[in-house]
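Okay, so here's the structure we're looking at.
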Amino acid sequence: MQIIRNRLIPLLLGTALVFFGTGCSTMLAVQGGPAAYQNSIQPGDTVQIATTDGRTLKFKVSDVNANGLSGEGQAVSYDSIASLQKQQFSFWRTAFLVGGIIAAGVLAGGDGYGDDYDYGGGGGGGGGGPYSYP
């Protein structure tokens, strides 16, 4: 049981880190053209853009102006945007993820008390110390 816990807990934590990086957000479509883009997108937002020439770009926006969006070395004019999505935090995805991790931890076995495995220790006799004579 201890071996399972020793392997399961790091696996769950690693999985949680992957999901926290990606699983707690969702991409929402922004529609309406340049005016909607300027009102909806702010510096610091992460966007995914499909362009009219078939490219797909994903970057963190550093500038929103009358001509287009730019960030991370990329610039896209509004007239070349076929579709635009904005990454947004998802409370429910986060709640379900955290709940699932907690449930998996509970199902994995609790605190380790009550199992019958001898983990070693408890040394055996020996002399009475440095002043012991045969």
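The values are calculated or read from the model by the stated rules, or taken from the named source; none is laboratory data. Quick caveat: nothing in here was measured; it's all calculated off a predicted structure. Here Cβ is always computed from backbone atoms with ideal geometry, including for glycine, and neighbour counts include all displayed protein chains. Side chains are part of the model used for accessible areas, which takes the heavy atoms of the whole protein and leaves out ligands, DNA and RNA. Shrake-Rupley method; radii C 1.70, N 1.55, O 1.52, S 1.80 Å.
Of a type in the set (Asp, Glu), closer than 15 Å to residue 77 by Cβ and open to solvent by 70 Å² or more (accessible area, probe 1.4 Å): is that true of residue 63 in this structure?
Taking the combined requirement at face value, the residue does not satisfy it.
Output yes when any residue across region 1-12 is open to solvent by 70 Å² or more (accessible area, probe 1.4 Å), at pLDDT 60 or above and part of a loop (DSSP other than H, G, I, E, B), and no when none is.
No, there is no match, as no residue in region 1-12 is open to solvent by 70 Å² or more (accessible area, probe 1.4 Å), at pLDDT 60 or above and part of a loop (DSSP other than H, G, I, E, B).
Report the residue count in region 51-66 for those that are assigned to a loop (DSSP other than H, G, I, E, B) and closer than 11 Å to residue 37 by Cβ.
Number satisfying all stated conditions: 3.
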